[in-house]
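J.: Let me give you the structure first, and then I'll get to my questions.
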Amino acid sequence: MKCLKARKNGMGNSNLNVMLLPLKLLCQKYFSYLILFLLVGIIYSLLNTAIIMAKSSFVDEAADLLNSVMAQKRIWFMAGFLGLVSALEIIGNGIYNFMYVSLSLKMQGEIQKTIFQKINRLSPLAFETSENLERIKKAREGGNGIFTMWLTVFSIISFYLPYFIMIEIYLYRMQPVLSIFLLLIFLPVFLSQIINHTLVSHYVDTSTPYKRKYEYYNRCITEKRFFKETRFWGAVPFFRSKFIASLKGYSEETWKINKKSTFIHMGMESLTIAGYFSILYLLFRLLVDNTITIGVFMAVFTSIKRMYDLMNEMIVRHIGGILRNYGSVKKYCTFMKMPEYYEAAVSMDGDITLSHIDFTYPEGQKAVFRDFNLRIKKNETVAIIGANGSGKSTLAKLLASIYETDSGEIKTLGREKTSMVFQNFQKYDMSLKDNIRISDLYRDDNDEGQLSLMDSLDMAGLNSRYLLDNLETEVGRKFGGIDLSGGEWQRVAIARGIYRKHDLLILDEPTAAINPMEEDRIFCLFEELSQECTSILITHRMGAVKIADRIIVLENGRIIEDGTYQELCKSGGRFAKMISLQAELYE
Ligand code: ADP
């Protein structure tokens with residue numbers, strides 16, 4: 001198995017650079033919004049601390065009320081202050097949450113953009129290996145991990161950290177010994193998170209194989225692509241028993257982890273309660289010793305729960321979230337560092353040349369081409385024939401600049417000026433019109449010298465009056481459109497190929513689903529179209545290759561015959577044999 005050649009991926013080699021990319025994009029686009037979010041976060045954390053101070057002053061004033069008349073005035077002031085800070089805290093909470101949600105949407109948008117841009121820059125060869133397909137699929141998951149990570153960093157910087165620092169300063173100033181409170185809150189939460197993380201990663205390792213299996217067996221029973229065959233073989237009970245066995249394995253693993261985590265949770269809860277009571281005890285002692293005022297006692301006492309909640313939120317939800325997502329973040333980084341596509345050189349004189357080309361598929365067992373050479377002159381029509389697996393479709397993709405070679409030099413007409421009718425063309429579930437214009441979305445349908453949409457359909461021989469009169473008709477069953485026959489879909493693919501502006505037209509088995517009577521008409525059309533551009537025709541229909549100026553016979557990635565129809569017929573070689581064999585078959 002060969003690896004894709006290491007190419008420049010545009011972002012250096014470090015994961016950090018990859019992780020910073022969405023942040024850079026976000027800053028470029030929403031810098032002021034981001035700064036505002038950080039500021040609102042700091043103000044919100046300030047208000048949270050101010051509430052404690054306001055509460056403590058209010059209670060102290062209330063206690064003073066018993067001793068002094070002056071305190072009566074101040075208590076109204078303190079009550080007003082407490083009310084104002086509480087109201088502002090509620091408003092701050094609303095604004096901060098709103099900005100958080102909207103920032104996450106912006107961040108998600110930027111991450112999706114980096115993924116789509118990267119997919120667009122990947123070599124189509126990257127999609128030929130199952131490993132890469134898996135990577136691409138996982139990248140989206142990893143993108144979510146990155147976005148969670150950055151949002152966590154923002155909220156820790158803007159809210160949690162300032163909040164805990166200010167609380168620490170406040171507690172220390174009230175009484176230095178109070179500053180250990182945060183440690184008593186922090187320790188149990190932190191420890192339980194670490195233990196939980198280790199447990200969960202172990203659980204994921206042991207349970208995932210079972211999960212993947214039972215999901216797969218479930219698909220074997222219920223999915224459309226399987227059920228015809230599995231039912232025909234009578235294999236449903238077989239898959240059901242496999243499904244049940246793997247589900248049982250999964251449940252056993254889940255049960256084991258639940259048991260363990262319940263015990264650990266109970267242990268950590270006891271630790272938390274012990275910490276809580278230590279704080280209460282300390283507070284009480286300090287009050288009895290007159291080291292702190294009743295106001296400080298009340299304020300801290302009523303705020304302990306909030307401190308616990310925020311510490312829990314910061315460590316379990318946010319920092320724990322980063323740890324949980326780290327695996328998928330790494331997948332995003334690997335995806336973003338995948339080698340990118342580079343297009344072959346564009347020929348200056350309009351001739352296409354392949355010199356000393358080597359090509360092997362990423363998961364191919366052997367080279368498809370080795371030291372392969374070919375020259376196709378400008379406006380020439382070349383037919384390529386050969387047995388299955390001889391390399392025709394691969395050659396077509398090299399000529400269309402879809403694949404890159406491993407070595408050697410290739411000069412094509414460039415992707416921009418090339419069009420192709422694919423052997424395994426796509427059936428898009430969208431309007432008939434979009435199914436055609438997708439090949440050249442930005443061209444004007446009335447461009448002079450180019451086929452219009454209607455002309456393309458007409459030339460491709462789609463003769464359903466209804467469809468021609470209703471180009472907006474949805475085709476394909478996925479979204480409730482009408483289904484087309486195999487032959488009709490093929491005509492849509494032909495129309496798509498000829499609609500695109502091109503100097504090079506490649507037709508890879510363009511009539512496989514069209515009956516032989518109709519086929520002749522299509523080949524006449526190709527003959528007409530090929531007058532104006534360079535054309536490559538790959539086909540098994542020997543009669544059709546007459547339209548070509550030149551015929552190339554491929555065998556195991558080598559050209560074994562090359563000449564005009566007459567020359568090859570006369571030579572009595574492989575081509576001549578194929579012609580007589582097909583003639584016999586037709587007779
Ligand atoms: P043809 O079009 O003449 O039938 P192809 O160009 O499709 O031949 O295939 C040439 C060789 O490359 C064959 O041996 C085939 O098995 C191999 N091949 C084609 N596609 C892939 C792929 N995606 N991965 C690995 N090998 C492939």
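J.: Could you list, in sequence order, all residues of segment 550-561 that are within 16 Å of the ligand (Cβ to nearest atom) and either in contact with a strand residue (DSSP E or B) (Cβ under 7 Å, 6 or more places away or on another chain) or of a type in the set (D, E, K, R) (or both)?
T.: The answer is 551, 552, 553, 554, 555, 557, 558, 559, 560, 561.
J.: When segment 468-489 is examined, which residues are found to be on the phi > 0 side of the Ramachandran plot and surrounded by 16 or more Cβ atoms within 10 Å (Cβ to Cβ)? If you could, list the steps in order and put the result at the bottom.
T.: Filtering segment 468-489 for residues on the phi > 0 side of the Ramachandran plot gives 476, 480.
476, the sole residue that qualifies.
J.: Continuing with the same structure: Taking the options 367, 400, name whichever one is near the ligand (Cβ under 10 Å from one of its atoms) and at pLDDT 85 or above.
T.: Values: 400 fails: near the ligand (Cβ under 10 Å from one of its atoms).
Unique residue meeting the criteria: 367.
J.: A further question on this structure: Pick out the one residue from 402, 438, 410 that is of a type in the set (Val, Ile, Thr), within 32 Å of the chain's Cα centre (by Cα) and over 26 Å from residue 552 (Cβ atoms). Write out each step before concluding.
T.: Numbers: 402 fails: over 26 Å from residue 552 (Cβ atoms); 410 fails: over 26 Å from residue 552 (Cβ atoms).
Going through 402, 438, 410 in turn, just one is of a type in the set (Val, Ile, Thr), within 32 Å of the chain's Cα centre (by Cα) and over 26 Å from residue 552 (Cβ atoms): 438.
J.: Here is a further query. Do the conditions hold for residue 411, that is, is it away from the ligand (no atom under 13 Å from the Cβ), modelled with pLDDT of 90 or more and surrounded by fewer than 20 Cβ atoms within 10 Å (Cβ to Cβ)? Spell out how you get there, then give the answer.
T.: Numbers: away from the ligand (no atom under 13 Å from the Cβ): yes; modelled with pLDDT of 90 or more: yes; surrounded by fewer than 20 Cβ atoms within 10 Å (Cβ to Cβ): yes.
Taking the combined requirement at face value, the residue satisfies it.
J.: A further question follows. Which one is farthest from residue 359 (Cα to Cα), of the residues in segment 510-543 that are within 16 Å of the ligand (Cβ to nearest atom) and crowded, with 21+ Cβ neighbours inside 10 Å? First the steps, then the outcome.
T.: Of the residues in segment 510-543, the ones within 16 Å of the ligand (Cβ to nearest atom) are 510-512, 536-542.
Those left that are additionally crowded, with 21+ Cβ neighbours inside 10 Å: 510-511, 536-539.
Values: 510: 24, 511: 27, 536: 20, 537: 21, 538: 19, 539: 22 Å.
In this case the residue turns out to be 511.
J.: List the number of the failed condition for residue 547; all other conditions in (1) over 43 Å from the mean Cα position of the chain (by Cα); (2) in contact (Cβ under 8 Å) with a residue 40 or more places away in the chain; (3) within 15 Å of the ligand (Cβ to nearest atom) hold.
T.: For residue 547, the exception is condition (3).
J.: While we're on this one: Restricting to segment 495-544, what's the tally of residues that are touching a strand residue (DSSP E or B) at 6+ places or on another chain (Cβ under 8 Å) and either of a type in the set (Gly, Ala, Ser) or outside the structural domain of residue 352 (by TED's automatic domain parsing) (or both)?
T.: 4
J.: So, one more: Name the one entry in 228, 259, 213 that is assigned to a helix (DSSP H, G or I), within 33 Å of the chain's Cα centre (by Cα) and at pLDDT 85 or above. Before the answer, list the steps.
T.: Details: 228 fails: at pLDDT 85 or above; 259 fails: within 33 Å of the chain's Cα centre (by Cα).
Unique residue meeting the criteria: 213.
J.: Exactly one condition in (1) modelled with pLDDT of 90 or more; (2) within 14 Å of the ligand (Cβ to nearest atom); (3) under 30 Å from the mean Cα position of the chain (by Cα) is not met by residue 430; state its number.
T.: It is condition (2) that residue 430 fails.
J.: Residue 41: touching a helix residue (DSSP H, G or I) at 6+ places or on another chain (Cβ under 9 Å), part of a loop (DSSP other than H, G, I, E, B) and either within 30 Å of residue 327 (Cα to Cα) or modelled with pLDDT under 80 (or both), yes or no?
T.: Values: touching a helix residue (DSSP H, G or I) at 6+ places or on another chain (Cβ under 9 Å): yes; part of a loop (DSSP other than H, G, I, E, B): no; either within 30 Å of residue 327 (Cα to Cα) or modelled with pLDDT under 80 (or both): yes.
Against the criterion (touching a helix residue (DSSP H, G or I) at 6+ places or on another chain (Cβ under 9 Å), part of a loop (DSSP other than H, G, I, E, B) and either within 30 Å of residue 327 (Cα to Cα) or modelled with pLDDT under 80 (or both)), residue 41 does not qualify.
J.: Also, I was wondering about something else. Being assigned to a loop (DSSP other than H, G, I, E, B), touching a residue at least 40 places away in the same chain (Cβ under 8 Å) and surrounded by fewer than 17 Cβ atoms within 10 Å (Cβ to Cβ) is the filter here, so list the residues in segment 429-451 that pass it.
T.: First pass over segment 429-451, keeping only residues assigned to a loop (DSSP other than H, G, I, E, B): 429-430, 441-451.
Cutting the leftovers down to touching a residue at least 40 places away in the same chain (Cβ under 8 Å) gives us 429-430, 443, 447, 450-451.
429, 430, 443, 447, listed by residue number.
Conditions tested, residue by residue: (1) touching a residue at least 40 places away in the same chain (Cβ under 8 Å); (2) of a type in the set (Gly, Ala, Ser); (3) surrounded by 14 or more Cβ atoms within 10 Å (Cβ to Cβ); (4) not assigned by TED's automatic domain parsing to the domain that holds residue 411.
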site: 335; (1), (2), (3), (4): yes, no, yes, yes
site: 354; (1), (2), (3), (4): yes, no, yes, no
site: 366; (1), (2), (3), (4): no, no, no, no
site: 369; (1), (2), (3), (4): yes, no, yes, no
site: 375; (1), (2), (3), (4): no, no, no, no
site: 383; (1), (2), (3), (4): yes, yes, yes, no
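J.: Just for segment 217-239: of the residues that are among the hydroxyl-bearing types (Ser, Thr, Tyr) and surrounded by 14 or more Cβ atoms within 10 Å (Cβ to Cβ), which one is farthest from residue 256 (Cα to Cα)? Step through it out loud before you land on a result.
T.: Kept after step one, since they are among the hydroxyl-bearing types (Ser, Thr, Tyr), are these residues of segment 217-239: 217, 222, 230.
Next, from what is left, pick out any that are surrounded by 14 or more Cβ atoms within 10 Å (Cβ to Cβ): 217, 230.
On the way: 217: 24, 230: 34 Å.
Among them, the one singled out is 230.
J.: Looking at segment 240-256, which of its residues are under 30 Å from residue 312 (Cβ atoms) and either modelled with pLDDT under 85 or exposed (fewer than 13 other Cβ atoms within 10 Å of the Cβ) (or both)? So that I can check it myself, show each step before the final result.
T.: Applying the first criterion (under 30 Å from residue 312 (Cβ atoms)) to segment 240-256 yields 250-251, 253-256.
Selection gives 255 alone.
The values are calculated or read from the model by the stated rules, or taken from the named source; none is laboratory data. Since the model is a prediction, treat every value here as computed from it, not as a measurement. Cβ: placed from backbone, ideal geometry, glycine included. Neighbour counts: every protein chain shown.
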